[in-house]
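The values are calculated or read from the model by the stated rules, or taken from the named source; none is laboratory data. For clarity, every value in this text was computed on a predicted model and none was experimentally measured. Here the Cβ positions follow ideal geometry from the backbone for every residue, glycine too, while neighbour counts run over all protein chains shown.
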Ligand code: FAD
């Protein structure tokens, strides 16, 4: 069976959900071979094997932490040359897309970014994308070289599928360019205890209707009742009510959760661009004509200050 190279994003050996989703998708095309780099790479092996990795190629070196993406591209290229895979899958994070683009250029292949689904096809994997501010859904395949495909978080279910997970140490010779851009400092973001916005299975967002930074507490309370991340429209961010890192939309982050709850958000095209691929969309808005209702699966026409706390109480009550 053809092998599919899967680039694994992990933090000190802790593998995130998007990486496991990639393994699910890789299994539709062939046999997953995972590539885990940096500190804790070998700690990923058990999890990756449980989720279908037939082989896990690992390598650790200080270059992965000390420099920007090029050392990782060098390693992924080494793995590519060793495996000759049918496709290379990379998570659609900012870093993932840069790694994928550089690899595709080096190996003379076509690239597809931000896929939201992936199926096997007779002439190679077929990727589904949501394009033009999510107005169209397209299917495409790479017609030159080995397909390099980046996949958005929440594009597939995580399925356990035990496999051998045979560990092999990669031997990586870094290129001259690997040390071109040094990381000079790192500042950890203060943890909110909530999931990362782009990876969360549930996102609860607030817009101009929230009407003040202090009122975001009710959005956060709903999010916490569901174990969700908090998002915000640009209007709310521009007003200084919530940090820019939480902005959803064309100039913010792109999210694709199982459930997106938009509160006091009108549904401007630029906001939709960042959330329209959510599986289920719920809107709370006091204006029945708000465009967000055109794409909502469930809508509540009402004042969010009445609705949202009731929703939070109802969820907390059911949790017992
Ligand atoms: P509004 O459009 O003002 O809507 C507020 C909504 O809240 C209304 O529908 C209202 O009925 C409802 N409401 C008010 N009070 C209540 C209440 N008490 N209870 C219930 N409902 C209530 N926007 C983004 O979000 N993300 C982006 O990344 C982004 N990028 C942009 C890029 C460009 C180049 C441009 C030009 C614009 C961009 N925008 C973006 C801005 C976008 O066009 C909208 O202005 C913005 O999304 C509006 O935010 P909003 O829905 O919160 O506010």
Next item on the list: Say whether the condition of being closer than 30 Å to residue 41 by Cβ, away from the ligand (no atom under 16 Å from the Cβ) and surrounded by fewer than 17 Cβ atoms within 10 Å (Cβ to Cβ) is met by at least one residue in region 239-257.
Entry: no
Checklist line | Checklist (1) under 28 Å from residue 84 (Cβ atoms); (2) free of Cβ contacts under 8 Å to residues at least 24 places away in the same chain; (3) assigned to a strand (DSSP E or B) applied to residue 137, failing item | finding: (1)
Next item on the list: Kindly indicate whether residue 236 is assigned to a helix (DSSP H, G or I) and within 12 Å of the ligand (Cβ to nearest atom).
Entry: yes
Margin query: If a residue must be out of contact with any strand residue (DSSP E or B) (no Cβ under 9 Å at 6 or more places or on another chain) and either within 7 Å of the ligand (Cβ to nearest atom) or more than 17 Å from residue 230 (Cα to Cα) (or both), how many such residues does region 290-317 contain?
Written below: 9
Note to self: Quick test for you: out of 39, 43, pick the one residue that is in a helix (DSSP H, G or I) and under 17 Å from residue 170 (Cβ atoms).
What the structure shows: 43
Item checked: Lone qualifier among 223, 229, 268, 200 - being at negative phi and out of contact with any strand residue (DSSP E or B) (no Cβ under 7 Å at 6 or more places or on another chain) -> 268
Check: Restricting attention to region 269-289, which residues are over 22 Å from residue 307 (Cα atoms), near the ligand (Cβ under 6 Å from one of its atoms) and assigned to a loop (DSSP other than H, G, I, E, B)?
Finding: 274
Notebook entry, point to check: In this structure, does residue 18 turn out to be touching a residue at least 24 places away in the same chain (Cβ under 8 Å), crowded, with 20+ Cβ neighbours inside 10 Å, in the same structural domain as residue 156 (by TED's automatic domain parsing) and in contact with a helix residue (DSSP H, G or I) (Cβ under 6 Å, 6 or more places away or on another chain)?
Noted result: no
Next item on the list: Look at region 193-214 and say how many of its residues are part of a loop (DSSP other than H, G, I, E, B), surrounded by fewer than 20 Cβ atoms within 10 Å (Cβ to Cβ) and in contact (Cβ under 8 Å) with a residue 12 or more places away in the chain.
Entry: 6
Item checked: residue 217 being free of Cβ contacts under 8 Å to residues at least 12 places away in the same chain, more than 9 Å from the ligand (Cβ to nearest atom) and outside the structural domain of residue 152 (by TED's automatic domain parsing) -> yes
